[in-house]
Ligand code: MG
């Protein structure tokens, strides 16, 4: 006798047969007797996932991954960001080959249950590929919920806590004068918060050109970029001094250390810039070295932001609960999407940690829309990293968040308020060239020692 038949033959059977997890979950809606979940959802007819599609597109020359979840309600679908640009094909495979068959037929309104079950469906978890794949589905389900309710997501998340989302932009240059000029340009456009990064002469410096793999300077003659942490750590305080002297105390200045220097040098640097009152110093340590935050916190009141590389709650929960950071910088798609991000924001609220979600070019416009809706709805919002979408991105993704006067404005349309022009997206195919996948991991010290990104 099959397990299901045996269950039905018992006293427990009549109840058990109506439970979605006993009746097979994906097939529950096909049972003639309504499931408990469906009866409990009186007023809303059943909503089933009928298809899951993955789109790779590069309208700004950055590979984006977007997931579309389609339901049995005609015309009702949602979009989610699953962008892990360096491993886009791996995410695509995770969605198409593993999540899609797991999700077909499931109730699209059971968002948290789908998150939890998908999260453990591979047994092994907490990685960037599976986190982004899960995020693509998760954000799409929230988008569907908003469209079904005919409400923008920020309303479903509790409503606006502010009218618009204050943002920061990146002022970078080869010289202090270049950086100063870039800050003035952003100020003229209305920005109040500006990240400053300056080249270290002769070195591939993060934020001012990045790793290119074009160098050729180590003893083994490998094609790498050369980086020495000492000159960088001594240059940054001088950059802050220059910009403060020239531009005064009103502008808010940020800087990203990008986990590049040994922890003890990062501690010196964060203390050295304290007198210039940065808005925050970002990623002083790599995720592997977060144990240093306890020591750093005792030695400086410079605000600290951390977290775009985080995957696992064990990486960020202690930092928040022990009040060791001031801003959480998580890349929302990396940790599994909106379901996890809104919980992290709520958790941070109790410890006065503010949000500063990661928002560079390798977050799709759908992901940026998710950032902005959450930014509007959480009381402990801090700042949002922003970017201007080029015309091609705006055409492929109608409804991109708008930047005006240094503020992001969300679409007031239902859900995230953003769409995908599938035909146009196909006109910007992603490059599958290995150098794109391997451009990180080429940074080394002069003697050939690898340096974290
Ligand atoms: Mg960063």
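Any read-out appearing in this document is the output of simple, stated calculations on the displayed coordinates, not a laboratory observation. These numbers come from a predicted model, not from an experiment. Here the Cβ is made from the backbone with ideal geometry for all residues, glycine too, and neighbour counts use every protein chain on show.
Here are the numbers for this structure:
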item	result
Segment 155-415, relative contact order [Cα under 8 Å, separation at least 6], %	20
Largest-first ellipsoid semi-axes for segment 280-412, taking √(5λ) over the Cα gyration tensor eigenvalues, angstrom	28, 14, 14
Cα pair count fraction exceeding 29 Å, expressed as % - segment 155-415	32
The chain - percent relative contact order, Cα under 8 Å, separation 6 or more	19
Exposure proxy ranking, count of Cβ atoms within 10 Å, fewest first, for 280, 119	119, 280
Tilt relative to the chain, helix 338-349 - C-alpha long axis, 0 to 90 degrees, to 10	60
Estimated inter-spin distance, residue 352 and residue 275, nm [label 7 Å along Cα→Cβ]	2.6
Folded to 0 to 90 degrees: helix 128-149 orientation relative to the chain principal axis, Cα	60
Which of 300, 83, 44 has the fewest Cβ neighbours within 10 Å, and the rest in rising order	44, 300, 83
Shape call, the chain: gyration tensor on alpha carbons, a/c limit 1.5	prolate
In degrees, nearest ten, helix 111-120 long axis to first principal axis of the chain (Cα)	80
FRET efficiency, residue 150 to residue 120 (Cβ-Cβ, R0 35 Å, nearest 0.05)	0.60
Prolate/oblate/rounded call for segment 49-151, Cα gyration tensor, a/c under 1.5 rounded	oblate
Contact order relative to length of segment 347-448, as percent, for alpha carbon pairs under 8 angstrom and 6 or more apart	24
Euclidean distance of C-alpha centroids, segment 359-404 and segment 134-197, integer Å	5
Order of 81, 400, 198 under a 10 Å beta carbon neighbour criterion, fewest first	400, 198, 81
